[in-house]
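Asks: Below is a structure I'd like to ask you about.
The values are calculated or read from the model by the stated rules, or taken from the named source; none is laboratory data. Only a predicted model underlies this, so the values are computations on that prediction, with no experimental measurement involved. In this analysis, Cβ positions are derived from the backbone assuming ideal geometry, glycine residues included, and neighbour counts consider all displayed protein chains.
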Amino acid sequence: MQALSEGNIEGHDAAISEMAGQVGACDLICFAQFSMTSAAGQAEARSGLPVLTTPDSAVLELRRMLQADDFISSQGWIFT
Amino acid sequence: MKAPRIFLIHATALAIDPITAAFARQWPQAQIINLLEDSLSRDLKEDGGLTENMKARFLTLSHYAVQSAADAILFTCSAFGDAIELCKPDIAIPILKPNEAMINLALTQASRVAVLATFEPTIKSIMAEFKHMAERSGRALEVVPYFCPWCNAGTERREHRRS
């Protein structure tokens with residue numbers, strides 16, 4: 001079951017990176033879905049372009065948002 | 001400091017592994033909670049678009065996360081942008097759509113972007129998001145969509161075998 005699943009993921013990633021190789025005249029590639037993330041490294045190698053993925057971008061943004069909140073509330077606490 | 005509690009709301013089980021891995025890479029200190037509602041993708045496909053009922057269900061899911069002490073909500077399925085946007089005014093904690101952060105990043109780094117997708121309704125939804133966010137930021141961005149049908153067929157086969 002695991003092997004079958006891994007085999008399918010390999011095929012899935014290979015198809016995505018093949019499509020990435022067909023991209024022309026762009027500055028970067030964005031993957032539209034979370035489920036595509038495993039193909040990012042392969043797609044970068046194949047296309048020679050940076051690949052942005054939704055999960056990594058989203059986690060970094062959440063971290064920035066909530067840590068900025070902490071900063072503001074801790075500043076507020078200091079001054080009240 | 002208490003670990004921030006992030007509710008992840010999924011419309012497909014396939015999103016869980018990639019976002020868990022991304023938290024492990026980028027923010028291992030966060031406490032992540034997974035809420036899986038996998039009739040959303042199925043119903044979107046059958047209804048052919050976002051219905052009022054579907055929008056109400058997104059609001060219900062968001063309220064549930066707030067009641068469960070979430071500090072922020074991340075929706076992980078990319079085909080529901082409008083429904084998620086409608087939740088934002090009613091919910092006091094940050095809500096992030098799955099593509100929002102990536103599109104912001106792309107806007108600051110590129111003028112011509114290729115967007116690859118494996119689920120067809122996503123193309124329409126993400127192209128509209130790019131257009132909307134580019135207009136709002138005042139930046140010119142050209143977006144070229146690429147759709148990979150074989151990948152989606154592979155995904156469906158995998159889901160079928162798992163069930």
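Asks: Any idea how many residues of segment B:115-124 are surrounded by fewer than 24 Cβ atoms within 10 Å (Cβ to Cβ) and not β-branched (Val, Ile, Thr)?
Replies: 3
Asks: Okay, next question. So which residues in segment A:12-21 are in contact with a Ser or Thr (Cβ under 6 Å, 6 or more places away or on another chain) and at the interface with chain B (Cβ under 7 Å from one of its Cβ atoms), if there are any at all?
Replies: A:20
Asks: Take the residues of segment B:124-155 that are in a helix (DSSP H, G or I) and facing chain A (nearest Cβ under 7 Å): which is farthest from residue B:77 (Cα to Cα)?
Replies: Residue satisfying both the conditions and the ranking: B:150.
Asks: Right, here's the next one. For a quick check of your reading of the model, give me the residue pairs whose first member lies in segment B:92-105 and is over 21 Å from residue B:69 (Cα atoms), whose second is assigned to a loop (DSSP other than H, G, I, E, B) and not aliphatic (A, V, I, L, M), with beta-carbon atoms closer than 8 Å and at least 6 apart or on different chains.
Replies: These pairs meet every condition: B:99/B:78; B:102/A:53.
Asks: Looking at (1) closer than 24 Å to residue B:129 by Cα; (2) in contact with a helix residue (DSSP H, G or I) (Cβ under 8 Å, 6 or more places away or on another chain), find the lone condition where residue B:26 falls short.
Replies: (1)
Residue by residue, here is whether (1) modelled with pLDDT of 95 or more; (2) touching a Lys or Arg at 6+ places or on another chain (Cβ under 7 Å); (3) hydrophobic (A, V, I, L, M, F, W, C) holds:
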position: B:49; (1), (2), (3): no, no, no
position: B:67; (1), (2), (3): yes, no, no
position: B:81; (1), (2), (3): no, yes, no
position: B:88; (1), (2), (3): no, no, no
position: B:100; (1), (2), (3): no, no, no
position: B:114; (1), (2), (3): yes, no, yes
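Asks: Need the failing condition index for residue B:36 against (1) touching a residue at least 24 places away in the same chain (Cβ under 8 Å); (2) among the aliphatic types (A, V, I, L, M); (3) crowded, with 16+ Cβ neighbours inside 10 Å, just the number.
Replies: (3)
Asks: Let me spell it out: the conditions are (1) modelled with pLDDT under 95; (2) assigned to a helix (DSSP H, G or I); (3) more than 7 Å from chain B (Cβ to nearest Cβ), and residue A:24 meets all of them except one. Which number is the exception?
Replies: It is condition (2) that residue A:24 fails.
Asks: Still on this structure, please answer the following. Looking at B:15, B:70, can you tell me which residue is buried (at least 18 other Cβ atoms within 10 Å of the Cβ) and in contact with a Cys (Cβ under 7 Å, 6 or more places away or on another chain)? Write out each step before concluding.
Replies: Details: B:70 fails: in contact with a Cys (Cβ under 7 Å, 6 or more places away or on another chain).
Result of the check over B:15, B:70: B:15.
Asks: Further, regarding this structure: So which helices (runs of 4 or more DSSP H) stay within segment B:19-115 end to end and still have 2 or more residues that are within 13 Å of another protein chain (Cβ to nearest Cβ)?
Replies: Details: elements: B:39-47, B:52-67, B:81-87, B:100-109.
Counting at least 2 such residues, we get B:81-87, B:100-109.
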